[in-house]
1. Can you work out the PRE-style zone for residue 83? Point 7 Å along Cα to Cβ, and I want the residues of the range 35-52 with backbone N under 19 Å.
2. Quick check: net charge around residue 46, other residues with Cβ under 12 Å of its Cβ, Lys/Arg +1 and Asp/Glu -1?
3. Report, in cubic angstrom per residue, the convex hull volume of the C-alpha atoms of the range 67-106.
4. Whole number in Å², please: accessible area per residue of the range 1-141, 1.4 Å probe, ligands, DNA and RNA not counted.
5. Would you mind telling me the share, in percent, of accessible area of the chain contributed by carbon and sulfur at probe 1.4 angstrom?
6. Accessible area, 1.4 Å probe, largest first: how do 76, 53 sort?
7. Work out the FRET efficiency for residue 59 and residue 99 from their Cβ-Cβ distance, taking R0 = 30 Å, and round it to the nearest 0.05.
8. Divide the volume of the convex hull of the Cα atoms of the range 100-143 by its number of residues and quote the answer in cubic angstrom per residue.
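The values are calculated or read from the model by the stated rules, or taken from the named source; none is laboratory data. Everything quoted here is computed from the prediction, not taken from an experiment. Cβ atoms come from the backbone with ideal geometry, glycine included; neighbour counts cover every protein chain shown. Just the protein is used for accessible areas: all its heavy atoms, side chains included, with ligands, DNA and RNA removed. Shrake-Rupley method; radii C 1.70, N 1.55, O 1.52, S 1.80 Å.
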Amino acid sequence: MIQADLHIHTVYSSDSLIQPKTLVDMLSAHSFIKVAAITDHDSVRGCKATVELASDYPDILIVPGVEITTQHGDMLVLGTEELPPKPWIPEAVVDYAKSIDAVTVVAHPFREYGMRDLARNYKFDAVEVLNGNSSVAENNEAKALAKSMNLPGIAGSDAHQVSELFTVNTKIEASLSIEGVLKAIKKGSVSAQVT
Ligand SMILES: [Zn+2]
């Protein structure tokens, strides 16, 4: 079993202050969270930089990803170092992710920029049921959405500054590999909790 923060912004998001080096140092120093997904806004430059820095640390894992802005709300793609081709409409991004065995997640569905019930129209792999920047009520609505869509629920801090890192985490029944993490999310071998 591993524990992961599956929604993190680095300075490659214009609204984040987290340096890749700081994230890698904090992940390395953390006693039980050893996996972090980099999900910058509409950019994969942060994951490339962080994956490279983390390659010196065998006990941590960076899952490359991206948070895509669509006209219906934000969505995460986990397991890609490439941007989906445009136009970024949810259906097309979901199809692209499936074609490369990446995982798609409805991000903070009931907060600003969330898809709300429109998420039901697309074939997502999971719902972010615990977002570190959402209220308890918003997260509870997200849990209900996941349940009614019969999808696994994951957790991510949505950190934009260092003090927000690792506030929540996803327990994953997998070994320390990107493929293992992605498969476990798709299978539903995950649970979300406050750290
Ligand atoms: Zn975010």
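1. Hits in the range 35-52 for residue 83 at 19 Å: 38-51.
2. Numbers: positive: 21, 45, 48; negative: 40, 42, 52, 67, 81.
Once all neighbours under 12 Å are counted, the net charge is -2.
3. 57 Å³
4. Numbers: 5960 Å² over 141 residues.
For the range 1-141, the solvent-accessible area averages 42 Å² per residue.
5. Working: 4330 of 8420 Å².
Answer for the chain is 51 percent, counting heavy atoms of protein chains only.
6. Numbers: 76 0, 53 65 Å².
So the residues, ranked largest to smallest area, are 53, 76.
7. On the way: r = 32 Å, r/R0 = 1.05.
Once rounded, the FRET efficiency stands at 0.40.
8. Details: hull volume 3.3 nm³, N = 44.
About 76 Å³ per residue, rounded to a whole number.
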